[in-house]
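*Asks:* A single structure is presented below for examination.
Nothing in this text is a laboratory measurement; each read-out follows from the coordinates by a stated rule. If you're wondering where the values come from, they're calculated on a predicted model, not measured in any experiment. Here Cβ is always computed from backbone atoms with ideal geometry, including for glycine, and neighbour counts include all displayed protein chains.
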Amino acid sequence: MSSIWQAIVRGYLKIIEPAADLLVRLRVSPNLLTTIGTLCSVAGGIAFAFGRIHLGGWIIGLCAIFDVLDGVVARRTQRTTVFVRRDVYLNVRGCAVGGGA
């Protein structure tokens with residue numbers, strides 16, 4: 001079972017790592033990625049509310065990718081902190097909206 005999980009993680013990182021590299025080179029703010037992820041969460045919630053369950057699921061899945069990317073980009077650009085700052089607060093709020101959707 002662990003070898004299957006490790007294969008999934010390796011495959012996921014093959015997608016995320018190049019995307020994160022590009023976003024860092026383009027100087028995309030982690031806050032922008034968090035905002036996009038939050039908007040995706042809202043859009044997914046709206047899709048669910050209108051009975052578009054499959055579409056809502058795909059949109060929420062897309063939101064998860066932005067959630068991973070904002071953390072990776074923040075760490076690579078050293079825009080992280082142990083204590084709560086505006087960008088950390090934004091990330092927490094975005095995740096809370098996503099959980100509510």
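*Asks:* When the convex hull of the Cα atoms of the range 1-64 is projected onto a plane and the area is averaged over all directions, what value comes out in nm²?
*Replies:* 5.5
*Asks:* Between Arg79 and Ala7, what FRET efficiency comes out of the Förster formula 1/(1 + (r/R0)^6) with R0 = 30 Å and r the beta carbon distance, rounded to 0.05?
*Replies:* Efficiency, from the Cβ-Cβ distance: 0.45.
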